[in-house]
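See structure below.
The values are calculated or read from the model by the stated rules, or taken from the named source; none is laboratory data. Small disclaimer: the values here were computed from a predicted structure and weren't measured. Reconstructed Cβ throughout: ideal geometry from the backbone, glycine too, with neighbour counts over all protein chains shown. Note: accessible area is taken over every heavy atom of the protein model, side chains too, but ligands, DNA and RNA are not part of it. Shrake-Rupley method; radii C 1.70, N 1.55, O 1.52, S 1.80 Å.
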Amino acid sequence: MTVMSVTDRGATSIDLGTLAPEVAGFIERLQKTVETQAREISWRDVKLEKLTFEMARLKRWKFGAKTEAMNAQQRALFQETLIEDEAALQAQLLALQGTLPDAPKATPREPRKPRRQALPEQLRRVEHRHEPDSTNCPNVDCGQPMQRIGEDVSERLDIIPAEFFVHRHIYGKWACRCCQTLQQEPAQPEIIEGGIPASGLVAHTLISRFADHLPYYRQEQINARSGVHTPRSTLAAWSGAGGAALEPLYEAHKRFLLGARVLHVDETPVPLLDPGSGKTKRAYMWAYARGPHDEHCGVIYEFCLGRGAHYPLTFLGGKGSPLPERPWSGTLLSDQYAVYDAVVDGTVFPDRKAAACAAHARRKFEELCSDHVGSASAVGQEALQRFARIYHAEGTFAAMSQEQRRQARQECTAPLWEELQLWLLLERKRVLPGGKVMLAIDYSLNAWDALTLHLKDGLVAIDNNHIERQIKPLKLGAKNWLFVGSELAGQRAAIVLSLVQSARLNGLDPWAYLRDVLGRLATHPNSRIEELLPHRWRHPSIN
């Protein structure tokens, strides 16, 4: 057996057979001990890296700017600590700067004047004229009439609080004395028959609840300031009736969404009241949206009790789905949640493709920069710079057509993705196995085909940020509602949110849209329900 002996002059080999048995055995045992210790050190380095990562993330969660979770005394103590730390750092900085040579002073810049955004042109203007009491020259020696040479105009924004008013429907009665017949116009159909709210008030209640995120008890207080008594139970009943009336339009909207060749999907938890236990349990709101490069915009939500694979399979018309239509086919852009593997399984759905989110891959390296130091941070910084170049180029393709975008990606960003892949493969061989750096690299490499699918299809977006932006209003609303009262209430919320958020995506005023739709649904032919979808709706004044 031969071992290597390292001296000051270099490495030499020693044949154990030429040594005494005792010496050879000692050297062999020493070599095994060194190998064992090397493995233990490597394992400890990986363990230490994981613990450092988790500790840094725990501190970020604990000390992040979440002042809403603090009471007044806690916030005061927190602010005092920040003031003390800031003062100490300022003192240290001044002391350090005092030991440095004077740096040349830069030429001071003129302060930039803030540019006020112009007030919307469609707002009603109320003019107030301000002219002098006398238009004669104020000079005592002159006193001649002066000429008007111009004017200065300033605008100030004002508001009148919401006004309640009453529609009085007067149906005249006409009788024929000869024929003893009576003629009268039929009553105008309303969403809530026999109730007091018109479609505008029902739309206002829905918008306040699902767009402005106002719980019913707050709406009750706001309405009371105008002298209108609307108990929260009454407001809930109006919302229930409005949501039920919108359900046929929701189904038509769903068919419109499933007609897209590219869909974004994501899910988010929402608390659901569990009356039996007096607590809440976790339910989920699934969101599906047409891509940002699609000709028509739209998003739809579905309230579900879980986040298993059978929920998106059922929605998209998968195996075992009760939908009579053909299963949806196209490209599904999602994060790497394992449930979506069954949804885009090529052996079951050959017409479906999976696209991965570049933003999720980038966030893995962003975590390395915020929670690590040294080599891990260096890998993260390098990856972020490479992703930044890709996103910078992608930002210039937004206004292009589908084919132009595909060609531009092939010419500009495809080489950047190839360089990124080669760099990741090289770094993969250098990092410690099982560490966070390796996990971040594997997250991208394991889904490389799905991550770069957008290079071959100009309709596919680079990331899933579009659907995440549609989920943000839902999360904000959940903070105000606290929980969903029942499964039926969750389904109703999904119906209203789908139409309200789609109206926003199409540049519509959600209240004007819902008010008109609720007023027309009772008499609108069901065969032409698609005319009321957000992407096809037009304001009555421009129809």
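Summary of values
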read-out	value
Burial ranking of peptide ranges 160-173, 420-433, 282-295 (average Cβ count within 10 Å, highest at the top)	282-295, 420-433, 160-173
Other-chain or far-sequence residues with amide H under 5 Å of A355's (modelled H)	L332, L333, S334
Label point distance in nm, V153-K472, each placed 7 Å from Cα along Cα→Cβ	3.5 nm
Computed lengthening from A236 to D509, 0.36 nm per intervening residue step minus Cα-Cα distance	96.0 nm
Phi to ³J(HN,Hα) by Karplus 6.51 cos²θ - 1.76 cosθ + 1.60 over the stretch 486-500, Hz, x for Gly, Pro	7, 5, 5, 5, x, 5, 5, 4, 4, 4, 5, 4, 4, 6, 5
Cβ-Cβ FRET estimate between Q188 and Y217, R0 fixed at 56 Å, reported to 0.05	0.95
Residues of the stretch 492-512 with amide N under 17 Å of a point placed 7 Å along Cα→Cβ from L305	492
FRET efficiency, E295 to C412 (Cβ-Cβ, R0 30 Å, nearest 0.05)	0.80
Alpha-carbon spread of the stretch 390-543, three principal axes, descending order, Å	67, 42, 25
Scattering curve values for the stretch 483-538, log₁₀ I(q)/I(0), Debye with Cα scatterers, q = 0.14, 0.18, 0.27, 0.31 Å⁻¹	-0.42, -0.66, -1.07, -1.19
Protein accessible area in the stretch 256-305, 1.4 Å probe - carbon and sulfur %	50 percent
Per-selection Rg to Rh, the stretch 173-262 - Cα, Kirkwood hydrodynamic radius	1.21
R389-V166 pseudo-label distance in nm [points 7 Å out on the Cα-to-Cβ vector]	7.2 nm
Separation in nanometres of the label points that stand 7 Å from Cα toward Cβ, at L432 and C176	9.8 nm
Amide H contacts of D274 (H built 1.01 Å from N, under 5 Å, at least 5 apart or other chain)	K279, T280, K281
Between the stretch 202-267 and the stretch 114-171, the alpha-carbon center distance in angstrom	38 Å
Solvent-accessible area, 1.4 Å probe, carbon plus sulfur percent, for the stretch 314-471	52 percent
Amide hydrogen neighbours beyond the local backbone of G298, cut-off 5 Å, H modeled	R290
